[in-house]
Amino acid sequence: MPQQLAIIVLVDVGNALASSTLEGNTYLFDNMKLHGSENQGTGELVTAINGSYWRDGSQASEQVLNWLPYSLGSIPPTVPRGYEVERARQTDEQALAELQELAAKSTVPSADAEAELNRIRRSVGTRVKTTRRTRGRMSGQKIVDVTGQVVTEDATAAASYPAPVITDIYGEAVESKIMYPAEYGSPDMVTDGWYWSATVDTSRPGTYSYMMRVQLHKLVQTNGELRWDPVNLTCASALKITSEPRRNAFTKAGIGPLPIPSTARPGRGA
Amino acid sequence: MKTQVNIIAVVDVIGALSVKTLLDGNLCMVDDGAFDSAHQGTADLITVVKPGQVVSWTALALDLQTPVEIKNISFEPANGHNGAAASGPAMSPPGAHRTTNGGAHGQAHGQGQAHGQGQEESEGDKLDLDVWTGVVPHWMTPGVPYQYRLELQMYEGSNSVMSIDSPALMCQ
């Protein structure tokens, strides 16, 4: 089986954060329904991995898996990675222009000017505070809703959650050396540049469970400051490995002559 | 002389499923034969071989994550097709296709049938276990292209099996 297998880990981030569990809030899919994967689109996916071996017993194929986490109710993953930064810059520029206009218009403070200032402040949105712990990926960014509009402190319920991040894959399948997972970096913008991949040893059939550690981010407000707090949750899945001998497709046995009819002679353009 | 000739059918599965044909560049066949195979990189590949050589077919998906497998390869006469035109979703399931051809082609034909009838075939039934390999028989007439039908299974569904009749094997 030379082709790679993708497992989509779709997380309902809002509900998972609210109930502090991935159970019932995770939907798993893979592209191997044809080969026997079960429970697609639920949290109970069993990924079928059909191994094969040559007649002499040597392993003919192994399987490569890729896990792709997605978030339900966020900015679509197909939007370029710099989109939130770009949106934040646009709102900054707009606010500056409006401030300039306001400054030129009124030299004396007035109720009107104050209302106008308030309006500008709201349209400018809120930046997430950078702490030592949260420096990096989402720090200093503005909070954006699923439509790409910046949101203000009092409307953070509409915030688009950052995509879930798989931080570890472990459990029975890993401990019994059925699969060898590792995290890779890639220039792929859809998966945010990081993904987990594993090679599966298909020579030992059986059903093996494994666990994924998934990091979500919760928007919290303390002392008027907003922060994305990491929340680590786990989610279980399983691999069902079978293994069968490869076979000659023409003869269903050993190698033989090609089944070319000796009587017929299909010539080109005949 | 090489003992084995490999033929790889590279399939743009998304392209093929979108326009429902393996033509228009959705199928690209290449071999590594030592002789002058014609039409490399097209669906009309004529692989030049010698009797006794082993020919091996492999399908490869352009999109790494869409399963594509060879469903069947058959050397039956082009039965109304003239070979130049080809493709589209297979008109009938391969099993039915075989029975319409009857058993008129002797023992060699029977071997070809084994694939369709020896077992209950469901869509994509462990096709990944199949190794499409065979020896070039000595009874082929040199210089004559023997066209074959290549059937590909692309995941599942009503249009998932497509075939092409234009590639051929030719003895030197």
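Within region A:172-179, is even one residue open to solvent by less than 20 Å² (accessible area, probe 1.4 Å) and part of a loop (DSSP other than H, G, I, E, B)? So that I can check it myself, show each step before the final result.
First pass over region A:172-179, keeping only residues open to solvent by less than 20 Å² (accessible area, probe 1.4 Å): A:173, A:178-179.
Now restrict to residues that are part of a loop (DSSP other than H, G, I, E, B): A:178.
Scanning region A:172-179, I find at least one residue that is open to solvent by less than 20 Å² (accessible area, probe 1.4 Å) and part of a loop (DSSP other than H, G, I, E, B), so the answer is yes.
On the basis of being open to solvent by 40 Å² or more (accessible area, probe 1.4 Å), modelled with pLDDT of 90 or more, within 14 Å of chain B (Cβ to nearest Cβ) and over 28 Å from A:A158 (Cβ atoms), does A:P245 make the cut? Don't jump to the end; show me each part of the working.
Details: open to solvent by 40 Å² or more (accessible area, probe 1.4 Å): yes; modelled with pLDDT of 90 or more: no; within 14 Å of chain B (Cβ to nearest Cβ): yes; over 28 Å from A:A158 (Cβ atoms): yes.
For A:P245, the condition - open to solvent by 40 Å² or more (accessible area, probe 1.4 Å), modelled with pLDDT of 90 or more, within 14 Å of chain B (Cβ to nearest Cβ) and over 28 Å from A:A158 (Cβ atoms) - is not met.
Which number in (1) at pLDDT below 50; (2) within 9 Å of chain A (Cβ to nearest Cβ) marks the one condition that B:T66 misses?
Answer for B:T66: the failing condition is (1).
Which residue out of A:A48, A:A113 is surrounded by 15 or more Cβ atoms within 10 Å (Cβ to Cβ), free of Cβ contacts under 8 Å to residues at least 12 places away in the same chain and farther than 30 Å from A:Y161 by Cβ? Before the answer, list the steps.
Working: A:A48 fails: free of Cβ contacts under 8 Å to residues at least 12 places away in the same chain.
One residue alone meets the criteria, A:A113.
Residues being closer than 30 Å to A:I143 by Cβ, in contact (Cβ under 8 Å) with a residue 24 or more places away in the chain and of a type in the set (S, T, Y): count how many of those fall in region A:195-251.
2
Within region A:35-43, is there a residue that is away from chain B (no Cβ under 14 Å), open to solvent by 40 Å² or more (accessible area, probe 1.4 Å) and under 18 Å from B:K126 (Cα atoms)? Give the derivation first.
We begin by selecting, within region A:35-43, every residue away from chain B (no Cβ under 14 Å); these are A:38-39, A:41-43.
Right, trim to open to solvent by 40 Å² or more (accessible area, probe 1.4 Å) and you get A:38-39, A:42.
Restricting the remaining residues to those that are under 18 Å from B:K126 (Cα atoms) gives A:38.
For region A:35-43, residues away from chain B (no Cβ under 14 Å), open to solvent by 40 Å² or more (accessible area, probe 1.4 Å) and under 18 Å from B:K126 (Cα atoms): present.
Inside region B:40-53, can you point out the residues that are part of a loop (DSSP other than H, G, I, E, B) and in contact with a strand residue (DSSP E or B) (Cβ under 6 Å, 6 or more places away or on another chain)? Reasoning before the result, please.
As a first pass, look at region B:40-53 and keep what is part of a loop (DSSP other than H, G, I, E, B): B:40-41, B:43-45, B:50-53.
Selection gives B:Q40, B:G41, B:A43, B:L45, B:Q53.
A:V85: open to solvent by 30 Å² or more (accessible area, probe 1.4 Å), assigned to a strand (DSSP E or B), of a type outside the set (F, W, Y) and in contact with a strand residue (DSSP E or B) (Cβ under 9 Å, 6 or more places away or on another chain), yes or no?
Details: open to solvent by 30 Å² or more (accessible area, probe 1.4 Å): yes; assigned to a strand (DSSP E or B): no; of a type outside the set (F, W, Y): yes; in contact with a strand residue (DSSP E or B) (Cβ under 9 Å, 6 or more places away or on another chain): yes.
So A:V85 fails the test.
Only one of A:T156, A:T134, A:T107 is open to solvent by less than 70 Å² (accessible area, probe 1.4 Å), assigned to a loop (DSSP other than H, G, I, E, B) and modelled with pLDDT under 75; which?
Working: A:T156 fails: assigned to a loop (DSSP other than H, G, I, E, B); A:T107 fails: open to solvent by less than 70 Å² (accessible area, probe 1.4 Å).
When all the criteria are applied, what remains is A:T134.
Against the conditions (1) open to solvent by less than 50 Å² (accessible area, probe 1.4 Å); (2) more than 17 Å from B:V131 (Cβ to Cβ), where does B:L17 fall short? Just the number, please.
Among (1) open to solvent by less than 50 Å² (accessible area, probe 1.4 Å); (2) more than 17 Å from B:V131 (Cβ to Cβ), the lone unmet condition for B:L17 is (1).
Tell me, which residue of region A:6-34 that is within 14 Å of chain B (Cβ to nearest Cβ) and not β-branched (V, I, T) is surrounded by the fewest Cβ atoms within 10 Å (Cβ to Cβ)? Let's see the steps before the verdict.
Our first condition is that a residue be within 14 Å of chain B (Cβ to nearest Cβ); within region A:6-34, this holds for A:6-8, A:29-34.
When the remaining residues are screened for being not β-branched (V, I, T), the result is A:6, A:29-34.
Numbers: A:A6: 18, A:F29: 20, A:D30: 22, A:N31: 19, A:M32: 24, A:K33: 16, A:L34: 21.
Here the answer is A:K33.
From the residues in region B:20-41 that are free of Cβ contacts under 8 Å to residues at least 60 places away in the same chain and open to solvent by 50 Å² or more (accessible area, probe 1.4 Å), which one is nearest to the other protein chains (Cβ to nearest Cβ)?
Ranking the candidates gives B:H39 first.
Just one of A:Q59, A:Q3 is over 30 Å from A:A158 (Cβ atoms), within 14 Å of chain B (Cβ to nearest Cβ), open to solvent by 70 Å² or more (accessible area, probe 1.4 Å) and not hydroxyl-bearing (S, T, Y); which is it? Step through it out loud before you land on a result.
On the way: A:Q3 fails: open to solvent by 70 Å² or more (accessible area, probe 1.4 Å).
Of A:Q59, A:Q3, the one residue that is over 30 Å from A:A158 (Cβ atoms), within 14 Å of chain B (Cβ to nearest Cβ), open to solvent by 70 Å² or more (accessible area, probe 1.4 Å) and not hydroxyl-bearing (S, T, Y) is A:Q59.
The values are calculated or read from the model by the stated rules, or taken from the named source; none is laboratory data. These numbers come from a predicted model, not from an experiment. FYI the Cβ positions are ideal-geometry reconstructions off the backbone, even for glycines, and counts take in every protein chain you see. The area values use the complete protein model at the heavy-atom level, side chains included, leaving out ligands, DNA and RNA. Shrake-Rupley method; radii C 1.70, N 1.55, O 1.52, S 1.80 Å.
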